[in-house]
Amino acid sequence: MVQRVGPDYTNRSKKFLLTAEDRKDAFERQYNHVYMSRLELLKARIIDAAKKELGDEMVYKQLEDLEMNEKAFVIGTIEKRISKRPGVLKEIAEDEMVLPEDYDPDEMMSIISNKDFLEFEDEKQIVKLEVKSDVFQVEKVIWPTPCPQRPWPTKKTGGVVAFLSGLELTGDAVNDVGHLPSPGANFSSTFQIIFM
């Protein structure tokens, strides 16, 4: 009897499984902690880009620490507040057949409105961004420096498997099978799958 040699395999998927604790508050979860974590992770790269562009005399401050007419460098997130954004309460109102006060049946449905506005938010405060305002004036927007790249994996670090799907070569999944190259064809001329 011939014994098959199996590959070395370690299941590392446990970190992606939802636990009972995760499910408990899944529908009440807010995403502010995600935005704040992203802001905290990008802060060093933004300050680095600001020093390159503005020089070392650049002063970073939080919104709450700013004085009137003080020129400073702030770091935060710009968010668009959309007044016609679909939400749970609006869906309930539609189910109950209650229309908003500003409803116009002849108006094409769009979530864009003249009532929309931008806000700038740092870790502790939010400021409404307005064109005709003497409160907050934006002189320059600075983007973070590029993300540090990880080195390509080597044979020593283990294998990588690439999964490829949704090519939609013809736009019709049933007919896509007929357009795939035959087994003897040059597969890499159509698209490339890399296995390391």
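How many nm separate the modelled label positions at Ala44 and Leu129, each set 7 Å beyond the Cα in the direction of the Cβ?
2.6 nm
Tell me the label-point distance for the pair Asn32, Ser165, using the 7 Å Cα-to-Cβ offset, in nm and rounded to one decimal.
3.7 nm
A short reminder: the numbers here are calculations on the coordinates, not readings from a lab. All values derive from a computational prediction rather than experimental measurement. As a convention, Cβ positions derive from the backbone with ideal geometry for all residues, glycine included, and neighbour counts pool all protein chains shown.
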